[in-house]
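Trainee: Here you go, one structure.
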C-alpha cells in the first residue's frame, strides 16, 4: 500500500481551518487517496485554528462513503494538539452515529432540541 501525506495547511492555504468550503478541499484529497487504497498521513502542521464545521466536511463526510474500519486502518493524524485530536474524535463519533442511521439521528437531535 502506497503512502501519501496530506498537509492541511498546504491545501487550505491558511492557518485557520474553519469553513466547510475549505473542509471540502481536504475531503476530496482524502477521498481520492482512500479510493486508491493509499496509507494516508494527515498533517496539521502550521494549522492554528481548527473548527468542527471544517472537520465535519473534511473528515466526517468520509464516513458516509467508506467503512469506518477502512478509514481507521488507512488514515493517521500527525502534528496536532491533544485538544484538536479530541475535536476530531468527537467529529468521527458523531459521523459514525449519523451515517449508521441518519433518520434516527435526526429524530434524536430534534427530540433533544424539542423540535417536533
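Trainee: If we keep just the residues of segment 5-18 that are more than 12 Å from residue 58 (Cα to Cα) and either within 16 Å of the chain's Cα centre (by Cα) or modelled with pLDDT under 95 (or both), which is surrounded by the most Cβ atoms within 10 Å (Cβ to Cβ)?
Mentor: 7
Trainee: Quick one: what pairs do we get from segment 92-112, first residue at pLDDT below 70, second surrounded by 14 or more Cβ atoms within 10 Å (Cβ to Cβ), C-beta under 7 Å, 6+ apart or different chains?
Mentor: If the second residue must be surrounded by 14 or more Cβ atoms within 10 Å (Cβ to Cβ), the pairs left are 105/97; 105/98.
Okay, residues lined up against (1) loosely packed, with under 15 Cβ neighbours inside 10 Å; (2) over 19 Å from residue 80 (Cα atoms); (3) out of contact with any strand residue (DSSP E or B) (no Cβ under 8 Å at 6 or more places or on another chain):
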position	(1), (2), (3)
20	no, yes, yes
32	yes, yes, yes
37	yes, yes, yes
45	yes, no, no
54	no, no, no
57	no, no, yes
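Trainee: Do we have residue 61 as touching a residue at least 12 places away in the same chain (Cβ under 8 Å) and either out of contact with any strand residue (DSSP E or B) (no Cβ under 9 Å at 6 or more places or on another chain) or closer than 27 Å to residue 106 by Cα (or both) here?
Mentor: It is true that residue 61 is touching a residue at least 12 places away in the same chain (Cβ under 8 Å) and either out of contact with any strand residue (DSSP E or B) (no Cβ under 9 Å at 6 or more places or on another chain) or closer than 27 Å to residue 106 by Cα (or both).
The values are calculated or read from the model by the stated rules, or taken from the named source; none is laboratory data. Predicted, not measured: the structure shown is a model, and the values here were computed from it. Positions of Cβ are generated from backbone atoms using ideal geometry, with glycine treated the same way; all protein chains shown enter the neighbour counts.
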